Amino acid sequence: MATRTVLIDDLDDSITDDVETITFSVGKHNYSVDLGADNREKFYNALDPFIKVAVSGNNPSSTLKREAVPAKEIRAWAKQQPEKISSLVKSDRGAVPKAVIAAYNEANGTKY
C-alpha cells in the first residue's frame, strides 16, 4: 500500500500540487513554512530588498569570527620600523595599538 503526503499552504490552507517547504533563519532562530506558488512569490518579494543588500552566510547559526591578532609578531615588526611606528609600542604586553595594527596590515596585506 502506498502512502501519499499532502502539503497544505500554511497561510491560506490551500491544497495544491505546488506547495513547497521553505526554510529560513532570522537571528538565531530557524523556521520552515509550507507555501503554494502565490504565497511563495509574496514571501520572496517581501524579502527581496533585504536579500539584495545582505551578505550570504553558509551556516545561519555560526557567527563571524575574526582571526586573532598575532600580537607578538606585530610588536616585533613594529620595533623594526621607523620611530613613527616603533614609538607606539610601549610594552610587550597588553593590546597592540590600533595604529600599529593598521600599519602592519597595510605593509603586509593582512586584515587584523
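What to note about this one:
- Since only 29, 55, 109 are under comparison, the one whose Cα sits farthest along the positive direction of the charge dipole of the chain, derived from C-beta charges on Lys, Arg, Asp and Glu, is 109.
- Annotation note: chymotrypsin sites (Phe, Trp or Tyr not before Pro) in the range 8-59 located in DSSP loop regions with a Cβ neighbour count of at most 10 within 10 Å are absent.
- Cβ crowding within 10 Å ranks 51, 74 as 51, 74, fewest other Cβ atoms first.
- Once the Cα gyration tensor of the range 1-56 is diagonalised, semi-axes √(5λ) in Å: 26, 14, 9
- Scattering profile of the chain at q = 0.14, 0.17, 0.23 Å⁻¹ [log10 I(q)/I(0), Debye over alpha-carbon scatterers]: -0.73, -0.89, -1.18
- Relative to the Cα centre, the charge distribution of the chain, modelled as +1 at Lys and Arg Cβ and -1 at Asp and Glu Cβ, gives a dipole magnitude of about 1560 debye.
- Checking every one of the trypsin sites (Lys or Arg not before Pro) in the range 1-107 against DSSP loop status and a limit of 10 other Cβ atoms within 10 Å picks out 4, 28, 65, 66, 90, 93.
- Over all other residues within a Cβ to Cβ distance under 14 Å of residue 102, the charged ones net out to +2, with Lys and Arg as +1 and Asp and Glu as -1.
Read-outs throughout are calculated quantities, based only on the coordinates presented, and are distinct from any laboratory measurement. Note that the structure is a prediction, hence the values are computed from the model and not measured. So basically every Cβ, Gly included, is an ideal-geometry build from the backbone, and we count neighbours across all protein chains shown.
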